[in-house]
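See structure below.
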Amino acid sequence: PHEFPIERPTQRLLVVANRLPVSATRKGDDWHLELSAGGLVSALLGVKQNFETRWIGWAGVNVPDEHGQQTLAAALAENGCFPVWLDDDTVDQYYNGYCNNVLWPLFHYIGLPQEDRLAATRSLQTQFKAYKVANEMFARAVYSQYQEGDVVWCHDYHLMFLPKFLKDMNSQMKVGWFLHTPFPSSEIYRTLPLRSELLKAVLTADLIGFHTYDYARHFVSACTRILGVEGTPEGVEDQGKLTRVAAFPIGIDPQRFIEALETDVVKSHIQELRARFAGRKVMLGVDRLDMIKGIPQKLLAFEKFLEENIDWRDKVILVQIAVPTRTDVYEYQRLTSQVHEIVGRINGRFGTLTTVPIHHLDRSLAFHELCAVYAITDVALVTSLRDGMNLVSYEFVACQTQKKGVLILSEFAGAAQSLGAGAILVNPWNVSDVAMSIEDALTMKEAERNERHRHNFMHVTTHTAQAWADTFVSELNDTIVEAELRTLR
Ligand code: G6P
């Protein structure tokens, strides 16, 4: 037996997502980089060991001048990020249009644009073309970073053509694709014009991943129904070529939160917030201001709870962090006004001279503020109408080691499949049911809270982002070896 450990080179991983983990804003000649919002970034930040990772994506800003591109590229490179430059028109047609006014609502069961949503856009055909062009730009950016042996991991609904363009450039490239949203029932998916082209493009990947088994099953059904290919236990088979399809539930980096709670800055925020909300139970919502998050429905449920529980009126506060997102898309603008109107109404109805029941913020919090507010919360409300996974629920659990608060969680979030036994599951459309669950959560006995928290905490700390990435990449490597063996047989 040899006595020296065998040094294996770290595998290079090219992570490609529409949005880089940092977004840039220009301040004169300088660039200000800020952590981007959303579950995808939150999970991928946890993927730090085991791979030499490079990120390729859009920095969220149009940089038309060469000097700007050079200085921003240099700042991003220090963070392991490599930009794709998208001009304003591409952003409008590809990102605002096809990604966020067509695919995003379709994948979350809202359906294709109709009436005012359709009037607010140019034709789907034009947007689809822009989508393909943008995907080609991402492919070129990947290719310029690619070295033989790299694993290329494409993320999300923005980049469904990317596997195809990459394979066209180099058929030997190891390419995986992961969807961070639900994949809807084929009954919804098949309404999409040009539905086959997208499916065929994704199927050129070696491995396709979803958060849950249901999403994977819906995808396979869409392929069999629309393309007439064969669904097998491993995935989708077309004329002897197998594309592996499987579920890989995502997680967070729980340690990042647990360790933050021990820092002085978070501890002092916790103290401040406790003093500020003394004598009242704190309920919390943290969402991007997106129609899939069910914020209006959540507010209506809270209003019903206050209506029916007079004694609770001055003893509970709902802190709602609503992070602005996709603000150029009409539906998001409409939602913002709607949410503001409901918050105003409830605060007007139930507020007093010194306090209001809803503390609503139209912005994100800094990481240490977020940890502190998670830690002092008694009840978290995650009431998405549809959600791929929802990692806010995971982050809340990670920060509740002391308090052991209650999680109210939508049945329609992927997380319901992993935190279902510890959370109170609700149908977010049923406002009365959610109102009753709020009461149950606020009055839950300590023993039950402890038990529910123990269950959730165990899950969140064992099903981490790192484990998710390790499993996906090792499955991708195996899939390729198996495919090579099959060709030798
Ligand atoms: C979701 C999507 C991500 C996206 C994030 C933020 O989590 O799955 O791909 O990055 O929302 O949305 P934005 O449009 O701001 O990138």
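Laboratory data are not the source of any read-out in this text; all were calculated from the coordinates shown. What you see is a predicted model; the values in this text were computed from it and never measured. Heads up, the Cβs are rebuilt from the backbone with ideal geometry, glycines too, and the neighbour counts pull from every protein chain shown.
Here are the numbers for this structure:
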item: Selection count, the range 321-332, where residues are under 20 Å from the mean Cα position of the chain (by Cα) and either part of a helix (DSSP H, G or I) or over 17 Å from TRP104 (Cα atoms) (or both); result: 5
item: Residue count for the range 28-60, restricted to those that are under 15 Å from LEU14 (Cα atoms), of a type in the set (A, V, I, L, M), away from the ligand (no atom under 12 Å from the Cβ) and surrounded by 18 or more Cβ atoms within 10 Å (Cβ to Cβ); result: 2
item: Residues of the range 439-453 satisfying the condition of being of a type outside the set (A, V, I, L, M, F, W, C), without any contact (Cβ under 8 Å) to a residue 40 or more places away in the chain and assigned to a helix (DSSP H, G or I); result: ASP440, GLU448, GLU451
item: Selection within the range 81-94 - crowded, with 21+ Cβ neighbours inside 10 Å and under 22 Å from ARG54 (Cβ atoms); result: CYS81, PRO83, LEU86
item: Selection count, the range 174-194, where residues are crowded, with 17+ Cβ neighbours inside 10 Å and outside any loop (DSSP other than H, G, I, E, B); result: 8
item: Failed item, numbered, when TYR94 is tested on (1) more than 14 Å from the ligand (Cβ to nearest atom); (2) among the hydroxyl-bearing types (Ser, Thr, Tyr); (3) closer than 30 Å to SER171 by Cα; (4) touching a residue at least 40 places away in the same chain (Cβ under 8 Å); result: (1)
item: SER171 assigned to a helix (DSSP H, G or I) and hydroxyl-bearing (Ser, Thr, Tyr); result: no
item: Lone unmet requirement of (1) within 16 Å of the ligand (Cβ to nearest atom); (2) free of Cβ contacts under 8 Å to residues at least 24 places away in the same chain; (3) not polar (S, T, N, Q) for HIS155; result: (2)
item: Any hit, the range 66-83, residues being under 19 Å from PHE128 (Cα atoms) and within 16 Å of the ligand (Cβ to nearest atom); result: no
item: From the options ARG449, ARG386, residue that is among the charged types (D, E, K, R) and touching a Pro at 6+ places or on another chain (Cβ under 8 Å); result: ARG386
item: Unmet criterion (only one of (1) in contact with a Phe, Trp or Tyr (Cβ under 7 Å, 6 or more places away or on another chain); (2) hydroxyl-bearing (Ser, Thr, Tyr); (3) more than 16 Å from the ligand (Cβ to nearest atom)) for THR325; result: (3)
